[in-house]
Amino acid sequence: MTFPAPVLTTQQVARYHIDGFIALDALTSPQEVSQIREIYDDLFARQVGREKGDQFDLGGSDEEGVKAKLPQILNPSRYAPELKQMQLYANAQAVVEQLLGPQAKVTGDHAINKPALDGAPTPWHQDEAYWDPSQLYESVSIWIPLQDVTVASGCMQFIPGSNKLDIVEHQSIGGDVRVHGLEVCDPMVDTSHAVACPIPAGGATLHGNRTLHYAGPNRSDQPRRALIIMAGLPSKPYPAPRRFPWNEAKRTAREQRAMAASDKT
Ligand SMILES: O=C(O)CCC(=O)C(=O)O
């Protein structure tokens, strides 16, 4: 059964470009959310992609046998290709075209599953800080919770207008280079005006590659499952030399597993 893509109002498109984020109540149907949730739980239960470095602990040192603080899977649709056939992905494509124009495309996905009661916060960061500094980006992250989310269960929070900032200084979470996840460490960043976006299951928040964002710990007694669809315009060469030293400093188990897996192929 199809679920029509939202048609954004002129005000929503303008708000996205001014604030760097918007929230939508429904990007797909409750039935499809249930289907996706089943696939999602199975992917995490089987730890798909672990040996390739696609499944890891975003918030900790990612040691074998230690419970992950922030379990993440990169490219879940590589392991469950049926995800890409879902109306959700078609609707994500339709919405991103409304924000960035007809050249914009869905480019990938990832999943962050915060365990019940002890899922750690996802610290303040800009997505672009994770990426290749030689490229210039115009992208949108479409963050879809697979259950209702509140501040207490770790909904997304944003700093309005931070999309206009340059990339600020980041480091691995807690300054521990074994951790893949990043956090802002620039003392000038003011997060006191954060806007929290509680939304229903199957709704979405959309934010840009430079928008500062955070999600709190999961204090609820249910897992906080989020599927994130990435989309954007093709990247271009960045017009000046630049480096992201926080990524160069990382020494993660995930990277070692990815290298070992690519040596085998
Ligand atoms: O799901 C989370 O906790 C954080 C998600 C996030 O940082 C992102 O989608 O860029």
Discussion item. Could you order the peptides 39-47, 17-25 from most to least packed, using the average number of other C-beta atoms within 10 Å per residue?
Written reply: 17-25, 39-47
Worksheet item: Quick one: Karplus J couplings for the stretch 54-61, per residue in order, coefficients 6.51, -1.76, 1.60, θ = phi - 60°, nearest Hz, x for Gly and Pro?
Response: 8, 10, 6, 9, 5, x, x, 7
Worksheet item: Around D186, what is the net charge, scoring Lys/Arg as +1 and Asp/Glu as -1 over all other residues with Cβ under 12 Å from its Cβ?
Response: -4
Worksheet item: Between P160, P237, P145, which gets the highest mean-square fluctuation from a Gaussian network model of the chain, Cα cutoff 10 Å?
Response: P237
Response to the item:
To the nearest 20 debye, the chain has a Cα-centred charge dipole, built from +1 on Lys and Arg Cβ and -1 on Asp and Glu Cβ, of 260
Discussion item. Within the stretch 10-264, how many Lys pairs that are eight or more residues apart, or on different chains, come under 17 Å at the alpha-carbon?
Written reply: 5
Item to complete: Apply the Karplus parameterisation 6.51 cos²θ - 1.76 cosθ + 1.60, with θ equal to phi minus 60°, to every residue of the stretch 15-28 and state each ³J(HN,Hα) to the nearest whole Hz, in sequence, with x for glycine and proline.
Response: 4, 4, 6, 7, 8, x, 6, 9, 10, 10, 7, 8, 10, 7
Discussion item. Across the stretch 1-121, what fraction of all alpha-carbon pairs, as a whole percent, falls in each successive 10 Å bin from zero upward?
Written reply: 12, 35, 33, 19, 2
Discussion item. Taking the square root of 5 times each eigenvalue of the Cα gyration tensor, what semi-axes in Å does the equivalent ellipsoid of the stretch 131-221 have, largest first?
Written reply: 23, 17, 14
Discussion item. Can you compute the helix-only [θ] at 222 nm over the chain? Use -39500 (n - 2.57) per DSSP H run of at least 4 residues, normalise by all residues, nearest 500 deg cm²/dmol.
Written reply: -6500 deg cm²/dmol
Response to the item:
Listed residues G175, G232, G59; largest mean-square fluctuation, Gaussian network over the chain with Cα springs below 10 Å, found at G175
Practice prompt. Determine, for each peptide in 185-195, 102-112, the mean count of other beta carbons within 10 angstrom over its residues, then list the peptides with the highest first.
Written response: 102-112, 185-195
Worksheet, complete the sentence: Log10 I(q)/I(0) at q = 0.13 Å⁻¹ for the stretch 10-264, from Debye over equal alpha-carbon scatterers, is -0.82
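Could you compute the FRET efficiency for M259 and E38, with r as their C-beta to C-beta distance and R0 at 41 Å, rounded to 0.05? Mind showing how you got there, number by number?
Details: r = 33 Å, r/R0 = 0.80.
For M259 and E38, the calculated efficiency is 0.80.
Rule-based calculations on the coordinates, nothing more; no lab input. The structure displayed is predicted, hence computed values, not measured ones. When we count neighbours, we look across all protein chains shown, and the Cβ atoms used for this are built from the backbone with ideal geometry, even at glycine.
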